[in-house]
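In what follows, a structure is listed as structure tokens, so that the remarks can point back to it.
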Amino acid sequence: MNLIPLGVGGAFTSRFYHNNYIAEIGTKKLLIDAGTTLRTSIKKAGYSYLDIDAVWISHLHSDHVGGLEELIFQRYWHLKNDIHHPMKTHIFVHQTIYPLLRQLLSFPLENGGATVDDFCDFTVVGDEEHINFEGLQLHIFDTSNTHIQGMASSGVFIRGPLGNVLFSSDVKDLQGANLMRFINTDTVAIFQDTSFTSNGAHALFSDILAYYPKEVQSKIYAMHYNDPIEDYVAAIEQAGIQYVKEREAMTFTLN
Ligand SMILES: [Zn+2]
Ligand SMILES: [Zn+2]
């Protein structure tokens, strides 16, 4: 699996793009979240909306879903030689978020007799299910109330026969989200939203070092981080963890 960070910044970043990724798995491309900066970040990384085979939406903050409407419309209104070749968008979503996402999309999409289903196909899963995707299993798990109290949210655990990757998306209460249940000797990377300043929605760097056992900390990649990242690089390096950088692809052997 190649993982390309389209952006690495937090919701209010004025320097980076939003924390969205393309996972190249086999011959397919999975878009991990679609924030409002996607319209620029996807092109900057050399991809187009038409390249995407499926989109996973972790939760409904605009840095994760604000660019989805445009992606859906641009694919639907795809023209070839001036002839309409609509491309539906395949969305992976946890069952707790699905009705909310459908409602959100209904406002721009359900006009003139159209329904959300004219534009999108959904694969809706619960914690006990997984999606088979190019030889890997995608386990989308519920993290509701651990990012923001009262808010539905999810993370994804990507598992293959040779390795696995945990992607937290946005989480503040690491204990409550019970992320350690996914970590084992096959884990090659833990993508963890990381804040270096007090806030109400994301794990602090110190919380992360307290939560994850020492022996797995070298597998952590800080993401969704504060703009002045240079101010924190010394602490990151001293802790022996890593941090994602925009458009620097990472390769993990999972199958
Ligand atoms: Zn976010
Ligand atoms: Zn969020």
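The values are calculated or read from the model by the stated rules, or taken from the named source; none is laboratory data. Every value quoted in this text rests on a predicted model; they were computed, and no experiment measured them. A quick note on method: Cβ atoms are made from the backbone with ideal geometry, for glycine too, and the neighbour counts reach across all protein chains shown. Side chains included, ligands, DNA and RNA excluded: accessible areas come from the protein's heavy atoms. Shrake-Rupley method; radii C 1.70, N 1.55, O 1.52, S 1.80 Å.
Here are some notes:
- All positions within segment 1-42 that are among the charged types (D, E, K, R) and within 14 Å of ligand 1 (Cβ to nearest atom): Asp33
- Failed condition for Gln74, given (1) more than 20 Å from the chain's Cα centre (by Cα); (2) open to solvent by 60 Å² or more (accessible area, probe 1.4 Å); (3) farther than 25 Å from Ser41 by Cβ: (3)
- Checked against (1) touching a strand residue (DSSP E or B) at 6+ places or on another chain (Cβ under 9 Å); (2) within 16 Å of ligand 2 (Cβ to nearest atom); (3) within 20 Å of Thr96 (Cβ to Cβ), Gly150 passes all but condition (1).
- Taking the criterion of being among the acidic types (Asp, Glu) and at positive phi, the only residue of segment 132-181 that qualifies is Glu134.
- Each residue in segment 7-40 was checked for being open to solvent by less than 60 Å² (accessible area, probe 1.4 Å) and either more than 19 Å from Asp193 (Cα to Cα) or not polar (S, T, N, Q) (or both), and 21 of them qualify.
- Which numbered condition Phe205 misses (of (1) without any contact (Cβ under 8 Å) to a residue 40 or more places away in the chain; (2) within 16 Å of ligand 2 (Cβ to nearest atom); (3) under 20 Å from Phe12 (Cβ atoms)): (2)
- Counting only strands (runs of 3 or more DSSP E) that sit wholly inside segment 1-75, those with at least 1 residues that are within 16 Å of ligand 2 (Cβ to nearest atom) and in contact (Cβ under 8 Å) with a residue 12 or more places away in the chain are 21-25, 28-32, 54-56.
- Subset tally (residues that are in a loop (DSSP other than H, G, I, E, B) and in contact (Cβ under 8 Å) with a residue 24 or more places away in the chain) for segment 240-255: 11
- Residue check, Gly163 under 30 Å from Tyr76 (Cβ atoms) and either more than 16 Å from ligand 2 (Cβ to nearest atom) or in contact with a Phe, Trp or Tyr (Cβ under 7 Å, 6 or more places away or on another chain) (or both): no
- Residue pairs whose Cβ atoms lie under 6 Å apart, separated by 6 or more positions or on different chains, with the first residue in segment 224-239 and within 20 Å of His18 (Cα to Cα) and the second hydroxyl-bearing (Ser, Thr, Tyr) and open to solvent by less than 50 Å² (accessible area, probe 1.4 Å), are Tyr225/Thr194; Asp227/Thr13.
- When segment 76-108 is filtered for residues that are farther than 30 Å from Phe157 by Cβ, not in a loop (DSSP other than H, G, I, E, B) and not aromatic (Phe, Trp, Tyr), the ones remaining, listed by number, are Leu79, Lys80, Ile83, His84, Pro108.
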